[in-house]
Amino acid sequence: MTTSPSLSEEQRYRQLLASARAVVPCDALALLRLADGVLRPVAVDGLSEETLGRAFRPEAHPRLAQLLASPTGLRFAADCGLPDPYDGLVEGQPEILPVHDCMGAPLHIEGRLWGLLTLDALTPGSFDAVGPAQLRALAGLMESGIESIRTIARLAEEARRERLLARTLQRGDPVLRELVGKSAAMLQLKREIDTVAATDLTVLVIGETGVGKDLVAQRLHALSARRDQPLVQVNCAALPETLADSELFGHRKGAYTGATQDRAGRFQLADGGTLFLDEVGELPVTVQAKLLRALQSGELQRPGSDALLHVDVRVIAATNRDLAAEVAAGRFRADLYHRLSVFPLRVPPLRERGRDVLALAGGFLEENQHRLGARNLRLVPAAKAALLGQPWPGNVREVEHVIARAALRAVAEQGRTVRWVSIEPRHLGLSEPTTAAAPEAVTGRPVAAATSGKTLREATEAFQRQWIETALMRHGGSLAGVAREAGMDRSNFHRLARRLGLLKPTRRPA
């Protein structure tokens, strides 16, 4: 089956059903998606349009329940006494007719039950020539098609969101960098960001120092309905306790010594937009109560004034602290913690992101290349291995600083006019023991065992083989999961795994 990017998702599903109908002639087919215990048709072929508006509960439709419970699908006998959910729904009939031949199969996507394929005929014996093997093959065809449709939809949504981000950049908004990385952890984070961005829910971004919590806040704002309004950032850790109240809520002239004029606080400046409270765990307890009131009611009171101001602000907070522990210790209000963490987002540390460090390094090299006026800055293979072997306690920020220093050292050594400037391990300034153990950090196996006495190509293939084997254990043997973590197209990944001897060659029939 081929699909055009211009087709809607429903049209793609109908195209998929048409291909199934060409394989197994029948009067009606349906693809039903299982969600929250209910089967809903996503596409039908040969059934009336009203079928698309129905929701089938398996407990009320025993045939569908049996299909869901079957391992590979089944066919019901013509004299089966169970009611058929499609009786009277077959399209183009002059009268309401019962279905006399019915079969179907459960469909699994990424190891999970996705829904059902059902096939129906008005004439008994229509499916006599379709055996269990043919039904399983048809189900496999449907599963592959559904995966393709889901991939197309995901790519289209990602492209739409990237266009939004591009427009944000063109307007000159403060989105300076994108969240870089294709590891499973980062793809999951991006999906969660995209899920909550369009809402006004308060988000608590949790993560270690240097993981890029500010970039998460910027992406949330850029993909929200408030993207044309201001994004106002406050570093709560840098606020003196005596000025925190005034900084957030403003003040009236004469409110305290030195208040020589009225001042709008950050909440007012962010009215209609987004307020990003970075390091919110550092806020003084005295200010936390006023912040809670502003979050609950949208009301704030400036020091020196009795008047209440109303603001419309979406709040995003970030912290590297364990706020639950801070609450238990009495340093953070429990009610404020629960108000802030309506939708928590955890930003993974770099040590959980595998090869994302190389993509990050590439971005930082590009920045430094322009800043230093040099031609192509390139990491040699040994430098890449050194980067992969580091634990990166300072996360992305540490990588940024390491690459900036390495670029400066390499350019000073090799000059700006060479065709490319090679970044060697010595330029990175990383500790030798960690650098030497780079492959071990990724694969869990000693580097010497993988590379001793081998050519560069042999050592590279050994490293790839070890990495894939370890990743397969992490993903329970799922090749699709490992391909996603590796940031590779599934077909390309399968070819690599086959070349490395990790998959048996596909045998073609004689």
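The values are calculated or read from the model by the stated rules, or taken from the named source; none is laboratory data. Please read all numbers here as calculations on a predicted model, not as lab measurements. Here the Cβ is made from the backbone with ideal geometry for all residues, glycine too, and neighbour counts use every protein chain on show. When the accessible area is computed, the model is the full protein with side chains, heavy atoms only, and any ligands, DNA or RNA have been set aside. Shrake-Rupley method; radii C 1.70, N 1.55, O 1.52, S 1.80 Å.
Considered as a group, the residues in region 355-384 that are among the small types (Gly, Ala, Ser) and surrounded by fewer than 22 Cβ atoms within 10 Å (Cβ to Cβ) include one that is nearest to Lys190 (Cα to Cα), and that residue is Ala359. Please work out which residue is farthest from Asn368 (Cα to Cα), limiting yourself to region 383-431 and to residues that are part of a helix (DSSP H, G or I) and among the β-branched types (Val, Ile, Thr). Result: Val396. Summed over region 398-432, residues that are under 27 Å from Leu215 (Cβ atoms) and exposed (fewer than 15 other Cβ atoms within 10 Å of the Cβ) total 3. When Pro71 is tested against (1) open to solvent by less than 50 Å² (accessible area, probe 1.4 Å); (2) more than 22 Å from Pro124 (Cα to Cα); (3) modelled with pLDDT of 90 or more, just one condition goes unmet, and that condition is (1). Out of Leu323, Leu345, one residue alone is touching a strand residue (DSSP E or B) at 6+ places or on another chain (Cβ under 7 Å) and under 30 Å from Leu220 (Cβ atoms). It is Leu345.
Looking only at region 54-65, residues that are without any contact (Cβ under 8 Å) to a residue 12 or more places away in the chain and open to solvent by 40 Å² or more (accessible area, probe 1.4 Å) come to 2 in all.
Residue pairs whose Cβ atoms lie under 9 Å apart, sitting 6 or more positions apart in sequence or on different chains, and linking a residue in region 132-155 that is of a type in the set (A, V, I, L, M, F, W, C) to a partner that is open to solvent by 70 Å² or more (accessible area, probe 1.4 Å) and outside any helix (DSSP H, G or I), are Leu135/Arg75; Ala139/His108; Leu141/Met1; Ile152/Pro5; Leu155/Pro5. Looking only at residues that are modelled with pLDDT under 70 and among the hydrophobic types (A, V, I, L, M, F, W, C) in region 83-102, which one is least open to solvent (accessible area, probe 1.4 Å)? Once the filter is applied, the top-ranked residue is Val99. Can you go through Ala198, Ala184, Ala159 and tell me which one is modelled with pLDDT under 70, open to solvent by 30 Å² or more (accessible area, probe 1.4 Å) and of a type in the set (Gly, Ala, Ser)? Every option except Ala159 fails the conditions.
Which one is farthest from Glu400 (Cα to Cα) among residues in region 201-219 that are assigned to a strand (DSSP E or B) and open to solvent by less than 10 Å² (accessible area, probe 1.4 Å)? So the residue we want is Val203. The set of residues from region 340-354 being in contact (Cβ under 8 Å) with a residue 60 or more places away in the chain, open to solvent by 40 Å² or more (accessible area, probe 1.4 Å) and assigned to a helix (DSSP H, G or I) comprises just one member, Glu352.
Beta carbons closer than 6 Å, at least 6 apart along the sequence or on distinct chains, pair a first residue in region 10-31 that is more than 16 Å from Ala137 (Cα to Cα) and open to solvent by 10 Å² or more (accessible area, probe 1.4 Å) with a second that is assigned to a helix (DSSP H, G or I) and not polar (S, T, N, Q) for Arg12/Ile149. For the condition out of contact with any Leu (no Cβ under 9 Å at 6 or more places or on another chain) and either touching a residue at least 24 places away in the same chain (Cβ under 8 Å) or at positive phi (or both), Ala382 qualifies.
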